[in-house]
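Notes follow once the structure below has been shown.
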Amino acid sequence: MKGYEVISSLKNHIGKNNVIVSSNGNISREVYNLLPQPQVYLRGSMGLPIAVGLGLALANSKMKIIVITGDGNFLMGLSSGITAAFYKPNNLKILILDNQKYYTTGGQKTVSSVINYSEFLNSFNIGYNHSMNASQDQINKNLSSFLNSNTLSILHLSIEESKMDLENIPLHPEEITKRISNKFS
Ligand SMILES: Cc1ncc(C[n+]2csc(CCOP(=O)(O)OP(=O)(O)O)c2C)c(N)n1
């Protein structure tokens, strides 16, 4: 399955209190273009989506945070994944879209292929984690149990490369922050 297909299918699962925090580059562009707005689109802050998502989840229990991160971003910010597993906020879900590449900057290989994600995420000792390379039907079912679980959850999906011509995000980070604060004030 392609990354943009997974992101599009989230449309059927998200509610008004969900806030998506998307990693920089292609994933943020896909979230901006394919899902309802506003969300938190990171721009340039590589490695930080889980740190930002964790901070929001701990600061505001009304927000149901879904972090969508590429494998390059996940690996760069690994310590924040482990910090999330320490605090275990039940309003935080982390979706890793793993194409084993830095797709945004030309498709250089990440080091993701050496990780056994099932074993690695299992060692976090959290309520729900899952790693899969599966059909759309299976992924849809897993998205539903992932998002509805009453605990910190991590879902790792192996995805195929996607290529879409998408509009760049025309918003300054300050506007992105303001739009979300206004929604929850
Ligand atoms: C500190 C830093 N290094 C490099 C970059 C350039 N950069 C932007 S997006 C990106 C790739 C992100 O890879 P991944 O999270 O796997 O997502 P994908 O592009 O594959 O969707 C890179 C290297 C950056 N923005 N910041």
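Go ahead and estimate [θ] at 222 nm for the chain from helices alone: -39,500 (n - 2.57) per DSSP H run with n ≥ 4, summed, over the residue count, rounded to 500. Show your work: numbers first, answer last.
Values: 8 runs with 74 residues, N = 185.
Helix-only estimate at 222 nm: -11500 deg cm²/dmol.
Please give the net charge around VAL19, taking every other residue with its beta carbon less than 9 angstrom from that of VAL19, where Lys and Arg add +1 and Asp and Glu add -1.
Working: positive: LYS64, LYS183; negative: none.
In short, +2.
Rounded to the nearest 5, what is the percent of antiparallel bridges among the DSSP beta bridges in region 3-184?
Values: 2 of 26 bridges.
So the antiparallel bridges amount to about 10 percent of the total.
Determine, for HIS13, HIS156, HIS172, the number of other Cβ atoms within 10 Å of each Cβ, and report the residues in order from fewest to most.
Details: HIS13 14, HIS156 22, HIS172 10.
Ordered by Cβ neighbours within 10 Å, fewest first: HIS172, HIS13, HIS156.
Suppose we keep just the alpha-carbon trace of region 1-90; what are its Rg and Dmax in angstrom?
Over region 1-90's Cα set, Rg and Dmax evaluate to 12.4, 34 Å.
Neighbouring Cβ atoms within 10 Å as the yardstick, rank ARG29, ARG179 fewest first. If you can, show how the numbers build up before the last one.
Working: ARG29 21, ARG179 14.
Listing ARG29, ARG179 from fewest to most nearby Cβ atoms yields ARG179, ARG29.
As a footprinting exposure proxy, order VAL114, VAL31, VAL19, VAL52 by other Cβ within 10 Å, with the fewest listed first.
Numbers: VAL114 6, VAL31 25, VAL19 22, VAL52 19.
Going from sparsest to densest Cβ surroundings: VAL114, VAL52, VAL19, VAL31.
In terms of modelled amide H atoms, which long-range or inter-chain residues lie less than 5 Å from the amide H of LYS2?
GLU160
Label region 89-185 by shape, choosing from rounded, prolate and oblate, from the square roots a ≥ b ≥ c of the eigenvalues of the Cα gyration tensor; if a/c is under 1.5 it is rounded, and otherwise prolate applies when a/b is larger than b/c, oblate when it is not. The partial results should precede the final answer.
Working: a/c = 1.84, a/b = 1.15, b/c = 1.60.
Cα axes put region 89-185 in the oblate bin.
List the residues, sorted by chain then number, that are 5 or more residues from GLY47 or on another chain and whose placed amide H is less than 5 Å from its amide H.
Residues meeting the amide H criterion: ASN24.
Would you kindly calculate the translational diffusion coefficient of region 3-184, applying Stokes-Einstein with the Kirkwood radius from alpha carbon pairs, for 4 °C and a viscosity of 1.567 mPa s, and quote it in µm² s⁻¹ without decimals? Each step should come with its number before you reach the end.
Working: Rh = 16.1 Å.
Estimated via Stokes-Einstein, D reaches 80 µm²/s.
Read the figures in this text as sums done on the coordinates, not as results from a lab. None of these values were measured; they are calculated from a predicted model. Glycine also receives a Cβ, built like all others from the backbone with ideal geometry; neighbour counts cover every protein chain displayed.
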